[in-house]
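Please read the structure below before turning to the comments.
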Amino acid sequence: MTDLTRLTLAAARDGLAKKDFTSGELTGAYVSAIEAASTLNTYITVTADKAREMARASDERIAKGDAGALEGIPLGIKDLFCTKDVLTTAASHILDGFVPPYESSVTQNLWNDGAVMLGKLNNDEFAMGSSNETSFYGPVINPWRRKGSDSKLVPGGSSGGSSSAVAARLCLGATATDTGGSIRQPASFTGTVGIKPTYGRCSRWGVVAFASSLDQAGPITRDVRDAAILLRSMAGYDEKDSTSVDRAVPDYEASLGQSVKGLRVGIPKEYRVEGMPSEIEALWARGIDWLKAAGAEIVEVSLPHTKYALPSYYIIAPAEASSNLARYDGVRYGLRVAGKDITDLYERTRAEGFGAEVRRRVLIGTYVLSAGYYDAYYVKAQQVRALIARDFTQAFEKVDVLLTPTAPSAAFGIGEKTADPLSMYLNDVFTVPVNLAGLPGISIPAGLSGEGLPLGLQLIGRAFDEETLFRAAHAIEQAADFTAEPEAWWRA
Ligand code: GLN
């Protein structure tokens, strides 16, 4: 039998339906691949026994002709999604030993469709980061390396476990979350596809909260079709999340292959940022040419408040985080460090349980929400956010979708940016505005850097118009014909 981990999710789905192989065999192949790839540090918890049990149940349903949309498909789950009876850490020391008594709605949707859980994927602590280096469980390693070099690179963040595992074929697809870029930037760094759907498309219930007005779940996969399949199962209205939206979930896969002729593609001129590497410029220009050749109309547009997106994000996100993280007090969840009284217990637990980046966010967030500064920082940032959203609304009067690079660079080295939080934050310059406006964005691998590393292009769409994103993303995927793969140096 050929190596089952080489299949895409769609091919595996079709192979299972045709009974070419069983979910037990497919799942077994992934469990072995995960065991041989511990160097990459992608999984915090591997649930091999549970996976085999779920695969057995899937095979029975397939035999009975009772298969769901993801029947027997082995997936990795970012460790930010609560999974019933399975350790859930958010990659933080403060959630030591936390085993949720409930399942997140998104993962429940996947299991209802027959998917198999391989385990919980590493990420930046509480999803705060762009490199997966803030995880209490150590950094995730990107399977890609620079040409002629064996130095270790970051897989992007915060969904670096998800992106690395998909790229290294350690799951057929993965769940991820995106607050400021954490699905799209890691996808760009690993040659994978990642879509952050419209805010409200996926339920946030049971997903460990970072910044509630920005957090959205989405998939990371090998290709656009797989992303369409996985998002359809993840998405949907949930009465347990008051911000989830009650709208039917379309069959995203049906959008693939539809022509982009006449599609109006906007090129925001403010995304041509100073100091952008020429190879990113060139990639963007190629993307424009591909869509033009496929019959799309290219229109230059302006998003004048773009330069205020990062500064307002780094007020709003920490503000919401400081409030969300107040619940970790050493009493209700996870780690508890004893103290001489209750205040001392809180302080010791939080000092020991949170890493440096999380503490930085809590400090910033508490500061911008404090009396006297609230109006100057938090309220101002919310006003700017409204202007950023309005920029997009106005642009979408003229165009149907926007095309930009996903990130300003290819993957960088482990430790290269850890000393300078500002340069780390700049990774999200092209992704953050999309979260502030609540819009959908997808990253598609589009080429290789001079050093042989993957680079992604981003498409941004109107609210709840993921279908147009999938259609245009598929056109880019066809034109880019990105077939490069990392060498399997990590295999034990
Ligand atoms: N890198 C950004 C941050 O650190 C975004 C993270 C995310 O999307 N979860 O906040």
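Pairs needed: first member in the stretch 437-456, touching a residue at least 24 places away in the same chain (Cβ under 8 Å); second member anywhere, of a type in the set (Lys, Arg) and surrounded by fewer than 24 Cβ atoms within 10 Å (Cβ to Cβ); C-beta distance under 6 Å; at least 6 residues apart or different chains.
Pairs found: GLU451/ARG146; GLU451/LYS147; GLY452/LYS147.
May I ask you to verify whether GLU300 is within 30 Å of LYS380 (Cβ to Cβ), touching a residue at least 60 places away in the same chain (Cβ under 8 Å) and charged (D, E, K, R)?
In short, no.
From the list LEU335, LEU310, pick out the single residue that is crowded, with 16+ Cβ neighbours inside 10 Å, closer than 20 Å to GLU270 by Cβ and among the hydrophobic types (A, V, I, L, M, F, W, C).
LEU310
Which one of ALA492, ALA410, ALA473 is touching a helix residue (DSSP H, G or I) at 6+ places or on another chain (Cβ under 9 Å) and closer than 22 Å to ILE298 by Cβ?
The unique qualifying residue is ALA473.
Could you figure out which of (1) in contact with a Gly (Cβ under 9 Å, 6 or more places away or on another chain); (2) more than 11 Å from the ligand (Cβ to nearest atom); (3) within 19 Å of PHE464 (Cα to Cα); (4) among the aliphatic types (A, V, I, L, M) isn't true of VAL154?
(3)
Any idea which of THR88, THR45, THR107 is at pLDDT 95 or above, polar (S, T, N, Q) and under 30 Å from ASP150 (Cβ atoms)?
Sole residue among the options that is at pLDDT 95 or above, polar (S, T, N, Q) and under 30 Å from ASP150 (Cβ atoms): THR45.
Give the stretch 111-139 a look and list any residue that's of a type in the set (A, V, I, L, M, F, W, C), assigned to a loop (DSSP other than H, G, I, E, B) and more than 14 Å from the ligand (Cβ to nearest atom), or say none.
Hits for the stretch 111-139 are ALA115, PHE136.
State yes or no: is VAL273 within 16 Å of the ligand (Cβ to nearest atom) and out of contact with any Gly (no Cβ under 8 Å at 6 or more places or on another chain)?
no
Go through the stretch 157-190 and count every residue that is within 9 Å of the ligand (Cβ to nearest atom) and at positive phi.
Adding up the residues that qualify gives 1.
Say we look at the stretch 376-434 and pick out the residues that are aromatic (Phe, Trp, Tyr) and touching a strand residue (DSSP E or B) at 6+ places or on another chain (Cβ under 9 Å); which of these is farthest from ALA187 (Cα to Cα)?
PHE396
Helices (runs of 4 or more DSSP H) wholly in the stretch 408-492 with at least 1 residues that are of a type outside the set (Val, Ile, Thr) and within 16 Å of the ligand (Cβ to nearest atom) - which ones?
Output list reads 421-425, 432-437.
So which residues in the stretch 220-232 are closer than 30 Å to ALA319 by Cβ and either charged (D, E, K, R) or within 16 Å of the ligand (Cβ to nearest atom) (or both), if there are any at all?
The answer is ILE220, and nothing else.
Would you list the helices (runs of 4 or more DSSP H) that sit entirely within the stretch 1-83 and hold 2 or more residues that are free of Cβ contacts under 8 Å to residues at least 24 places away in the same chain, more than 19 Å from TYR137 (Cβ to Cβ) and not aliphatic (A, V, I, L, M)?
Hits in the stretch 1-83: 9-17, 48-63.
Could you list, ordered by first residue, the pairs with Cβ atoms under 6 Å in which the first is in the stretch 90-117 and acidic (Asp, Glu) and the second is surrounded by fewer than 22 Cβ atoms within 10 Å (Cβ to Cβ), at least 6 apart or interchain?
So the pair list comes out as ASP96/GLY334; ASP96/LEU335; GLU103/LYS84; ASP113/GLY68; ASP113/ALA69.
Can you tell which of ALA209, ALA217 is within 12 Å of the ligand (Cβ to nearest atom) and surrounded by fewer than 22 Cβ atoms within 10 Å (Cβ to Cβ)?
Result of the check over ALA209, ALA217: ALA209.
The values are calculated or read from the model by the stated rules, or taken from the named source; none is laboratory data. Only a predicted model underlies this, so the values are computations on that prediction, with no experimental measurement involved. Positions of Cβ are generated from backbone atoms using ideal geometry, with glycine treated the same way; all protein chains shown enter the neighbour counts.
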